Every structure is written in structure tokens, then in C-alpha cells.
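A.B. asks: What follows is a single structure, and I will ask about it in a moment.
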Amino acid sequence: MKLPGAPHVAYRGHELFIEGCALNALARQFGTPLYVYSRSAMLESLAGYQRALAGRDHLICYAMKANSNLAVLQTFAQAGCGFDIVSGGELERVLAAGGDPSRVVFSGVGKTAAEMCQALATGVSCFNVESESELTLLSEVAQGMGRQARISLRVNPDVDPKTHPYISTGLKGNKFGVAHDRAAEIYRHAAALPGLEVVGIDCHIGSQITEIGPYLDALDRVLDLVEAVEAQGIKLHHLDLGGGLGITYTDEQPPEAETLVRSLLARIDARSHGHRKILFEPGRSLVGNAGVLLASVIYLKPGAEKNFCIVDAAMNDLMRPAMYQAWMGMAACTLRDTPPVLMDVVGPVCESGDWLGRDRSLAVQPGDAIAVLSAGAYGMSMASNYNSRGRAAEVMVSGNEAWLIRERETPAELFRGERLLPTR
Ligand code: LLP
């Protein structure tokens, strides 16, 4: 039996497997909470983008904020990906994982001068610049190093991606990008700055997008601008169309990556822009459905109004439900014959907002493992140490092999950098 949105997670008999590994066995071997990822699922998701882009000058820059474990980065680097980064820390991870800095684009509204220096010294491919002040600072930093920084402007196309307001990024009211109606003028300014070389244009309208329409609208707005900018004599070599493609958590039906990319390429060709290099920055759609978070049931707590299933994973391990009221699928790792009970699945953190799933029908006993599905993206990468909880361990599975790719954090590691005051 397959589960929604989790192609590599399925029951065999009474036990839940990811690829060829029983999740119960992984829970016993590595402990819980535990993130488990399917390598094949990641590579298959990537293959959809690659098929659609084959034969074109292109670069798929994995948006590593979705999941920045070194082994995940290594997997994508070996499969030919570049990376979309948003901090100096992410750049260090790319290098540690063996990624190629010349295939890195640097996004984000708040790049510091130190991060610019670091990225220039490493030789990143392009800065996706989000404001005029950033242009000025980047030009100064590059000049100071005797270099030119390659840039693209992140344009805010003012298109509604029809997703959760916290993850819409391409509307006028968002902090991201430069306004569409000022972009041509800002390109002129950029082209005149001595420390910059204008090479492209980019946009990213949001995340968990499940329709093609908003992408096509944004693309049209971007292409209008490319034509206006080139009419001013400024060449734009690449189009970076961002990320944002949604996944199935429950009953969403996003287009396949291949379908989305083919539709966008068709529009690009129809408007005679097919000669340009095409970049994408997918995050969630490459890793989201490749991962589960395993948690063990500690207590079942019947209540006056609600029943609670208290597990050992919490909002610090997986922030999405608390932060976005996100609905994540859940499945018991062992199928029991007892009737299911309606319960809220909650963690041990001292907040009423600490829940992983509400009103879930589950047949579980203390000690059982539960898998939170579609947890490969924005799970571990958003985890915190709230309540002095060490972050979970992570495991990568391929076939019937499993590798520990991150050790569980110990309490001593949490306060390693802290100091007591001197005692007099
Ligand atoms: N490029 C840029 C410039 C971005 O800001 C993002 C995501 C991406 C690419 C990748 O988007 P994706 O393909 O993953 O949708 N924490 C939220 C999602 C925040 C997304 C932020 N930007 C969540 O858990 O839903």
C-alpha cells in the first residue's frame, strides 16, 4: 500500500518501509526522533527537471535551505546540480560537500559585506541582487577586491502564487526583489557600476505552488522586462525562474516538474527567448517527499475534549505545523488490528502550539514508531534547540542500505559555546 505523496514509503505486510528498509528497524538502530531520506526519491525528482531541460543550456540550482545536510548536497552535486544559497554558512556547506562554487547562485535580501567577500573569493557564479543598496555595496566590495561581481536582479513580478501568505514572495507587499516597474532603471544603474557585470535576471514567486498559471504570468512579466532591458543595450544571458513547485502533502495535485518546465520552455521559445541559459532553483520539490520524520509514541493521554498522542518529536524538530498550520501526513510504522482513535499528535515542548498533527486517526501503542510524511524539505533545516532539545539524527537510505548522515546532537554540544560568569 502506497501513501499519498511518498512514492518510496509503503507498507509491506504490517510494516512500513522506505525503499528496502523497515522504518521500525531504523528507529531501533538509530533511535528517534530520526529523519530518514530516500536517495532514489531525491534523484527521481531531480530527473524530471533534467529530462525537460535536456539539450538546453541550463543549470539546476538546488535551493539548499530546504535540506542542507552534506550528504544531500553531495547527492545533488554528483548528479550535476548547482546550488541556490542564501548565506555564507550555506556556501561553506556546499564546499564541504564537494559542490562546485562556479555553479552557485547567491540569493537573499540581506547579504552582508563579509558574505559578499567570501562569495567573490570562492567564485560563485552569480549574485541574485534584491535592492539598489545591495547593488551599491556589492560593487564597492568587488572593486575593493579588484573584481567584478556577476549579477542578476531579482524582479518582483507582483503575481499571486496562490499559496500560504508566509511563503508568497512575489507580491508587491513582500520584502523580496525589486519592483517590476523600476527594474529597467535599476538595471541601467547596475550596468554603470564599475564593480558589477550584469549577466541575468531572476524571479521567485513563492513556495508550495500547485498551479502552472502563476509561473506563466510571472514568466511573461520577466520576458517583457528582458526585452525592455536589452533595448537599453544591456545583455541578459540567463533567465533564472526560481523554485517553488509544490508537492503532495495530502490531496494537492501539483504538476510534475517535467510538465511545469516544458510549459515554461514552450512559452520562452514562443517569445523567441530560447537561446538564453535557463536556471531553476527548486528546493521542496526535490527533497520534500523523499523524507520522513520518525517519532516514538511516549504516552497516550485521553482527554475531556481531545485525545493526545505524545511523541518524542516536537515543534523544534519539525516547525511546519506550528509555524504554518501545515498538514503533514502520518502513518504508523506497524499496522495494528486495534480500532484507530482520533488524536492530536503532540510533542513534549512546553507550548500549546507544539503539535505535529491534529485530529489524526491512528492505531498506536506506547513504544510504537510513527512516520511523519513529506518531511524531507524544511524539516531538519528549520529545526531548533528549543527546550534544550538536541536536534534529531539523519539517515540516508538507498535500497536496503542505510547510512547515518548526521549524528544526534548531545546536550553537551548544545551549551559548548556558553560560559559561566567568573565567581568571586
Ligand atoms: N529560490 C528562492 C529565492 C527562495 O526564496 C526559495 C524558497 C527557493 C528558491 C526554493 O523554493 P521551493 O522550491 O523550496 O519552494 N519554510 C517554508 C518554505 C520557505 C521557502 C522560502 N524560499 C515551508 O516550510 O513551507
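A.B. asks: 7 Å from Cα along Cα→Cβ at both K162 and E351: what's the point-to-point distance in nm?
C.D. replies: Each label point is offset 7 Å from its Cα along the Cβ direction, giving 3.1 nm.
A.B. asks: Karplus couplings for region 274-288 from phi (6.51 cos²θ - 1.76 cosθ + 1.60, θ = phi - 60°), rounded to Hz, Gly and Pro as x?
C.D. replies: Couplings: x, 7, 7, 5, 10, 10, 10, 10, x, x, 3, 5, 8, 10, x Hz.
A.B. asks: Going by average Cβ density within 10 Å per residue, which order do the peptides 55-64, 116-125, 382-391 take, highest to lowest?
C.D. replies: The most tightly packed comes first, giving 55-64, 116-125, 382-391.
A.B. asks: Still on this model: Find the accessible area per residue for region 327-424; the probe is 1.4 Å, ligands and nucleic acids are left out, and the unit is Å².
C.D. replies: On the way: 5460 Å² over 98 residues.
For region 327-424, the solvent-accessible area averages 56 Å² per residue.
A.B. asks: Once R0 is set to 30 Å, what does the formula 1/(1 + (r/R0)^6) return for the Cβ-Cβ distance between V109 and E185, expressed as a FRET efficiency to the nearest 0.05?
C.D. replies: Numbers: r = 19 Å, r/R0 = 0.65.
With a Förster radius of 30 Å, E is 0.95.
A.B. asks: Okay, moving on. Starting from the Kirkwood Rh over alpha-carbon pairs, what translational D in µm² s⁻¹ does region 107-282 have by Stokes-Einstein at 37 °C and 0.692 mPa s? Working shown, then result.
C.D. replies: On the way: Rh = 16.6 Å.
It diffuses with D of about 198 µm²/s by this estimate.
A.B. asks: While we're looking at this one, here's another question. Can you list, largest first and rounded to whole Å, the semi-axes you get for region 216-308 by taking the square root of 5 times each eigenvalue of its Cα gyration tensor?
C.D. replies: Numbers: eigenvalues 392, 34, 32 Å².
Whole-Å semi-axes of the equivalent ellipsoid: 44, 13, 13.
A.B. asks: Can I ask one more? Using a Gaussian network model of the chain with C-alpha springs under 10 Å, which one of Y187, Y324, Y35 is most mobile by mean-square fluctuation?
C.D. replies: Y324
A.B. asks: How large, in percent, is the carbon and sulfur part of the accessible surface of region 1-96 at a probe radius of 1.4 Å? Display every interim value, and only then the final one.
C.D. replies: Details: 1830 of 3570 Å².
Whole-percent figure for carbon plus sulfur exposure: 51.
A.B. asks: Now, a different point. Apply the Karplus parameterisation 6.51 cos²θ - 1.76 cosθ + 1.60, with θ equal to phi minus 60°, to every residue of region 407-424 and state each ³J(HN,Hα) to the nearest whole Hz, in sequence, with x for glycine and proline.
C.D. replies: In residue order, the calculated couplings are 6, 5, 6, 9, x, 4, 5, 5, 10, 4, x, 8, 10, 7, 6, x, 9, 9 Hz.
A.B. asks: Let me ask you something else. How large is the Kirkwood hydrodynamic radius of the chain, in angstrom, based on all distinct alpha carbon pairs? Each step should come with its number before you reach the end.
C.D. replies: Working: mean 1/r = 0.0441 Å⁻¹.
Its Kirkwood hydrodynamic radius stands at 22.7 Å.
A.B. asks: Give me, ordered by chain and number, the residues 5 or more places off L59 or on other chains with an amide H under 5 Å from its own placed amide H.
C.D. replies: Residues meeting the amide H criterion: I278, L279, F280.
A.B. asks: Let me test this: with uniform point scatterers at the alpha carbons of region 1-135, what is the Debye-based log₁₀ I(q)/I(0) at q = 0.12 1/Å?
C.D. replies: -0.60
A.B. asks: When the helix-only estimate is applied to the chain (DSSP H runs of n ≥ 4, each -39,500 (n - 2.57), divided by the residue count), what is the mean residue ellipticity at 222 nm, nearest 500 deg cm²/dmol? Mind showing how you got there, number by number?
C.D. replies: Values: 12 runs with 120 residues, N = 424.
That calculation yields -8500 deg cm²/dmol at 222 nm.
A.B. asks: Once whole DSSP H runs in the chain are found, which of them have Cα atoms spread over 15 Å or more along the helix axis and a mean Kyte-Doolittle score of at least -1.0? Let's see the in-between values first.
C.D. replies: Working: long enough: 39-53 (21 Å, -0.04); 132-144 (18 Å, 0.05); 213-231 (27 Å, 0.42); 257-270 (20 Å, 0.57).
Helices passing the filter in the chain: 39-53, 132-144, 213-231, 257-270.
A.B. asks: Only Cα pairs under 8 Å and at least 6 apart count here; give the relative contact order of the chain as a rounded whole percent. Before the final figure, lay out the partial values.
C.D. replies: Details: 964 pairs, mean separation 85.4, N = 424.
Dividing the mean separation by the residue count of the chain yields 20 percent.
A.B. asks: In terms of modelled amide H atoms, which long-range or inter-chain residues lie less than 5 Å from the amide H of F83?
C.D. replies: Correct list: Y62, V104, V105.
A.B. asks: Same structure again: Could you tell me the center-to-center distance, by alpha carbons, between region 1-54 and region 265-337 in angstrom?
C.D. replies: If you average the Cα positions of each part, the centres end up 13 Å apart.
A.B. asks: Then there's this: For the chain, with a Gaussian network of springs between Cα atoms less than 10 Å apart, report the residue from E351, E227, E90 with the top mean-square fluctuation.
C.D. replies: Highest fluctuation of the listed residues: E351.
A.B. asks: To continue, here is another question. Which FRET efficiency, nearest 0.05, do L95 and E401 yield, Cβ-Cβ r, R0 25 Å?
C.D. replies: Working: r = 27 Å, r/R0 = 1.06.
Plugging the Cβ-Cβ distance into 1/(1 + (r/R0)^6) gives 0.40.
A.B. asks: Rolling a 1.4 angstrom probe over the protein heavy atoms, how many square angstrom per residue are accessible across region 107-282? It would help to have the intermediate numbers written out before the result.
C.D. replies: Working: 6970 Å² over 176 residues.
Here the per-residue accessible area is 40 Å².
A.B. asks: Write down the radius of gyration of region 264-357 and its Dmax, each obtained from C-alpha positions, in Å.
C.D. replies: Cα radius of gyration and Dmax of region 264-357 are 20.5, 65 Å respectively.
A.B. asks: List the residues whose amide H sits under 5 Å from the amide H of G357, counting only those 5 or more places along or on another chain, with H placed 1.01 Å from N in the peptide plane.
C.D. replies: Result for G357 returns V345.
A.B. asks: Then there is this: Which whole-Hz couplings ³J(HN,Hα) result when phi for each residue of region 348-355 is put into the Karplus expression 6.51 cos²θ - 1.76 cosθ + 1.60, θ = phi - 60°, listed in order with x for Gly and Pro?
C.D. replies: x, 6, 7, 8, 5, x, 7, 9
A.B. asks: Could you work out what % of the accessible surface of region 107-282 is carbon and sulfur, using a 1.4 angstrom probe and leaving DNA, RNA and ligands out of the count?
C.D. replies: Values: 3450 of 6970 Å².
Exposed carbon and sulfur together represent 49 percent of the surface.
A.B. asks: When DSSP beta bridges are limited to those with both residues in the chain, what percentage is antiparallel, rounded to the nearest 5? All intermediate terms of the calculation are to be shown ahead of the outcome.
C.D. replies: Working: 36 of 73 bridges.
The antiparallel proportion sits near 50 percent.
A.B. asks: Work out Dmax and Rg for region 201-360 from the C-alpha atoms and quote the Rg first, both in angstrom.
C.D. replies: Using the Cα atoms of region 201-360, the pair Rg, Dmax is 22.0, 71 Å.
The values are calculated or read from the model by the stated rules, or taken from the named source; none is laboratory data. All of these numbers come straight from a predicted model, not from anything done at the bench. A quick note on method: Cβ atoms are made from the backbone with ideal geometry, for glycine too, and the neighbour counts reach across all protein chains shown. Just the protein is used for accessible areas: all its heavy atoms, side chains included, with ligands, DNA and RNA removed. Shrake-Rupley method; radii C 1.70, N 1.55, O 1.52, S 1.80 Å.
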